[in-house]
1. Across segment 100-116, which residue is modelled with the highest pLDDT among those that are surrounded by 13 or more Cβ atoms within 10 Å (Cβ to Cβ) and closer than 16 Å to residue 61 by Cα?
2. Residues of segment 55-83 being in contact (Cβ under 8 Å) with a residue 12 or more places away in the chain and farther than 15 Å from residue 24 by Cα, which ones?
3. Are any residues in segment 84-99 of a type in the set (Asp, Glu) and without any contact (Cβ under 8 Å) to a residue 40 or more places away in the chain, and if so, which ones?
4. Can you tell me which residue is farthest from the chain's Cα centre (by Cα) among those in segment 41-56 that are modelled with pLDDT of 85 or more and open to solvent by 60 Å² or more (accessible area, probe 1.4 Å)?
Amino acid sequence: MAVPHEAQPMTPTASFRDLLRRVRDGDESAAAELVKAYEPPVRRAVRTPLTDNRLRYVLDSGDISQTVFANFFARAADDQFDLADPEHLLGLLVTMARNNVRDEARRDRAGVRDRRRVADAPDHCLNGVLS
């Protein structure tokens, strides 16, 4: 009787590719695994450039991180990324996070997110928004 061929252990690259394939296929456990592994460095990348206290008050690293991962998962499902290894993925996620922080900082400086305008606005300006 022939001995069945034993599967070779997965290399880190093969397991990374498998994880990305599962993410593309919509596997929620794969998405959770990816977030668990990559969220801490992404959040650090968000907090590092937030030296302006006013900007720190407006932006939260968790919110930016969620936006980055939501964008990544949507684009990964469309197979828009060609990632060779975990370092490429980390670099992509960190770049997306920094770009998001930069864009939010521009909006804040432009006054688009000026909380004083909302706080000083008359009550009738908020009718229908909070309902």
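1. 100
2. Listed by number, the residues that qualify are 55, 58, 59, 61, 62, 64, 65, 67, 68.
3. As a first pass, look at segment 84-99 and keep what is of a type in the set (Asp, Glu): 85, 87.
87 - this is the single residue of segment 84-99 that is of a type in the set (Asp, Glu) and without any contact (Cβ under 8 Å) to a residue 40 or more places away in the chain.
4. Taking the candidates together, the pick is 44.
The values are calculated or read from the model by the stated rules, or taken from the named source; none is laboratory data. Just so we're clear, the structure is a prediction, and the values are computed from it rather than from any experiment. No Cβ is skipped: glycine too gets one built from the backbone with ideal geometry, and neighbour counts run over all protein chains shown. The protein model used for the area step is the full one, side chains on, heavy atoms only, and it has no ligands, DNA or RNA in it. Shrake-Rupley method; radii C 1.70, N 1.55, O 1.52, S 1.80 Å.
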